[in-house]
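Encoded as structure tokens, the structure appears first; notes follow it.
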Amino acid sequence: MGLQDTILKISKLVFLSLSLLVVVYPLLCMVFSSFAPDKLLFSGFLMPFSTLQLTFRHYQEVLAKTYFFQWYMNSLIVAGLCVAINVPLASMIAYVATRYSSKYRPLKLFGPFSLFLYMIPGVVLALPLSLLFGYIGLFDNLIGLAIADSTFALPLSLWILWGHFVNIPKDLEEAAMVDGASSWQILIRIILPISRPVLTAVGIFAFIVVWLDYLFALALIRTEANYPIALGINWLIREYSFTWGELMAAATLMSIPSFIIGILAFKYLLKGFEMVSKGVR
Amino acid sequence: MNEETKFILTALVPPLIFLVFVEFVPIFYSLFFSFTDRVIFETTYKFVGLENYLRYLASSDFINNLINSFAYGLGAAILQTFWGLFLALSLYKHQSVWATALCVILFIPYVIPYVAVALLWTFLLDQTAGPINKWVTFLGISDKPIPFLSSPQLAMPTVILVTSWMLAPFAMLLLYAALRTVPRDQLEAAMIDGAGALETFRHVTWPWIARMFYITLFLRFLFNFGKFDLIWLLTQGGPLKATETFPIRVWLMAYSEYNYGGASAVAVVSLLALMIPLALFVYATREKE
């Protein structure tokens, strides 16, 4: 037993160090080359921070040549809208489906149904939506983009909330019912307040979906002024010749909110999925 | 109508209308136009029956797309889930601040936008400036830079690796969450009984997380199978269609060939190709009563 455990411990350490290297080295390369002078990038560039010659020129160029702040704002607006659509919709569906599934059998199909939604490839939706939105004035519109993005966010949100609602003891609702509370009052006054961490996870998830998205923006947005940040940067690459330093500066600027979300969100997402794994067992 | 029925109707119907509008109307729209010869920027069209399907299924693209989609979907799913599992297993027993910090750092690639990930890896793998190719020649693995993204043989494995780099943290998160629900007292009891780490895993930990593991694996497969962004940004389906999956074909047909009818038919085919694994999965994980 002793030897086996020691070998396991060592291989665990080796594995973790390698994983850390694989994750961190590319990120350091990205950040470092955004500050490195051009000539350095083409000479023997192996290790980030191998020199202290730093320049802010790449950042100045990116910010001067693009509508960076406008695009940033667009992304934030779409993300906010998507959160506002996603959280209430997902909580209503998931709550009704879990609460009444023993009484109304068809609601049991909720699990497979959310999996089916998760399965639909983005392009299958993006193409028809670009035509449909054209008819109702949502094409090339930030609200339209938020609606489309919520098709990515909803399935997993439903799943997280389902896992959570299944775990809420029924006594809580029954006690409130005896006190004469209506179903809406129970949902709004009791269930949602105790679900705050999980709702936060769902909201963060919707935000992440928008922040990452490229496909729906590509299919649904035409005007430069309406570009979210991902589309703007991608468009630039095709239109102008940028140096690697400038491109890495753009990538770094796009990733700053990601670093912040990653650090803040991890705890909540973990909580959300703990609920799910209690639910699926 | 009693209060409860009213509640169910008011809480369920508006969200369902939204879902129908954004999920089901588009699918039926695709289904409808897959039987027409619609061109993307024109509104007139005529019905052509099964022609779009027959032409696509008879072309070499169909088999190529099918193989590539399953290779990408399965390859990335397996890599992500196992990497995620090993990461989660290595970290979950340590309640220290360091373990949590490590988890957060390892989680970061998942929240970086596709465009930034694609830019970063195009740079890393670049043949003249890319750090990875500099390492390759520096360490003597190959005397010439390796054309990771522009060789038909290497493009698919490279795209799978980049996708997994970005998305493995999500599998890690799911499995880490599952591992945290394993009851501590059972782990301690196993340890007191003198069970080794492997035995503890097999008899205590694994039974608790097995279901979540399979779900993670399957969800990752569904997700990658239909994923468009990273492949498009890295290779646009090339070189020589080596990374062309169903979504890429749909996009190319719609926006390069303007063949909306044909693109819709491919979209429907890709959806049907996913129905079989989905049905199997739902059957295998159904609730036993």
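Values for this structure:
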| read-out | value |
| --- | --- |
| Inter-residue pairs, beta-carbon under 6 Å, first more than 10 Å from chain B (Cβ to nearest Cβ) and in the range A:173-194, second not small (Gly, Ala, Ser), 6+ apart | A:173/A:186; A:176/A:186; A:176/A:190 |
| Odd one out for residue B:157 among (1) more than 10 Å from every other protein chain (Cβ to nearest Cβ); (2) surrounded by fewer than 24 Cβ atoms within 10 Å (Cβ to Cβ); (3) closer than 30 Å to residue B:67 by Cβ; (4) at pLDDT below 90 | (4) |
| From the options A:250, A:230, A:225, residue that is within 16 Å of residue A:76 (Cα to Cα) and facing chain B (nearest Cβ under 10 Å) | A:230 |
| Single residue of the range B:234-274 satisfying the filter (within 11 Å of residue B:61 (Cβ to Cβ) and charged (D, E, K, R)) that is surrounded by the most Cβ atoms within 10 Å (Cβ to Cβ) | B:249 |
| Some residue of the range B:160-177 being closer than 20 Å to residue A:262 by Cβ and touching an Asp or Glu at 6+ places or on another chain (Cβ under 8 Å) | yes |
| Only one of B:4, B:42 that is assigned to a helix (DSSP H, G or I), modelled with pLDDT under 85 and surrounded by fewer than 16 Cβ atoms within 10 Å (Cβ to Cβ) | B:4 |
| Every pair of residues 6+ apart whose Cβ atoms lie under 9 Å, when the first sits in the range A:91-103 and is over 15 Å from residue A:158 (Cα atoms) and without any contact (Cβ under 8 Å) to a residue 60 or more places away in the chain while the second is surrounded by fewer than 23 Cβ atoms within 10 Å (Cβ to Cβ) and among the acidic types (Asp, Glu) | A:100/B:4; A:103/B:4 |
| Lone qualifier among A:278, A:267, A:271 - being among the basic types (Lys, Arg), within 22 Å of residue A:87 (Cα to Cα), more than 7 Å from chain B (Cβ to nearest Cβ) and touching a residue at least 24 places away in the same chain (Cβ under 8 Å) | A:271 |
| Failed item, numbered, when residue B:73 is tested on (1) farther than 30 Å from residue B:191 by Cβ; (2) touching a Gly at 6+ places or on another chain (Cβ under 6 Å) | (2) |
| Every residue from the range B:78-117 that is outside any helix (DSSP H, G or I) and modelled with pLDDT under 85 | B:92, B:93, B:94, B:95, B:96 |
| Residue in the range A:207-218 that is more than 20 Å from residue B:223 (Cα to Cα), of a type in the set (A, V, I, L, M) and touching a residue at least 40 places away in the same chain (Cβ under 8 Å) present | no |
| Residue A:69 without any contact (Cβ under 8 Å) to a residue 40 or more places away in the chain and within 25 Å of the chain's Cα centre (by Cα) | yes |
| Residue ranges of helices (runs of 4 or more DSSP H) in the range A:179-281 with at least 3 members surrounded by fewer than 24 Cβ atoms within 10 Å (Cβ to Cβ) and among the acidic types (Asp, Glu) | none |
| Among (1) over 28 Å from residue B:217 (Cα atoms); (2) surrounded by fewer than 18 Cβ atoms within 10 Å (Cβ to Cβ); (3) touching a helix residue (DSSP H, G or I) at 6+ places or on another chain (Cβ under 8 Å) - the single one residue B:99 does not satisfy | (1) |
| Some residue of the range B:139-153 being within 12 Å of chain A (Cβ to nearest Cβ) and surrounded by fewer than 17 Cβ atoms within 10 Å (Cβ to Cβ) | yes |
| Residue that is free of Cβ contacts under 8 Å to residues at least 24 places away in the same chain and not hydroxyl-bearing (Ser, Thr, Tyr), where the choices are A:142, A:115, A:109, A:81 | A:109 |
| Elements of type helices (runs of 4 or more DSSP H) contained in the range B:174-289, each with 1 or more residues being in contact (Cβ under 8 Å) with a residue 24 or more places away in the chain and facing chain A (nearest Cβ under 7 Å) | B:206-225, B:229-234, B:246-255, B:260-284 |
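Per-residue answers, yes or no, for (1) under 30 Å from residue B:253 (Cβ atoms); (2) more than 10 Å from every other protein chain (Cβ to nearest Cβ):
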site: A:64; (1), (2): no, yes
site: A:82; (1), (2): yes, yes
site: A:86; (1), (2): no, yes
site: A:102; (1), (2): no, yes
site: A:119; (1), (2): yes, no
site: A:122; (1), (2): yes, no
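Yes or no, residue by residue, for (1) of a type outside the set (Ser, Thr, Tyr); (2) closer than 30 Å to residue A:235 by Cβ:
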{"residue": "A:123", "(1), (2)": "yes, yes"}
{"residue": "A:136", "(1), (2)": "yes, yes"}
{"residue": "A:149", "(1), (2)": "yes, yes"}
{"residue": "A:169", "(1), (2)": "yes, no"}
{"residue": "A:172", "(1), (2)": "yes, no"}
{"residue": "A:178", "(1), (2)": "yes, no"}
{"residue": "A:183", "(1), (2)": "no, no"}
{"residue": "A:203", "(1), (2)": "yes, yes"}
{"residue": "A:214", "(1), (2)": "no, yes"}
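The values are calculated or read from the model by the stated rules, or taken from the named source; none is laboratory data. Predicted model, so just to flag it, every value in this text is computed and none were measured. Positions of Cβ are generated from backbone atoms using ideal geometry, with glycine treated the same way; all protein chains shown enter the neighbour counts.
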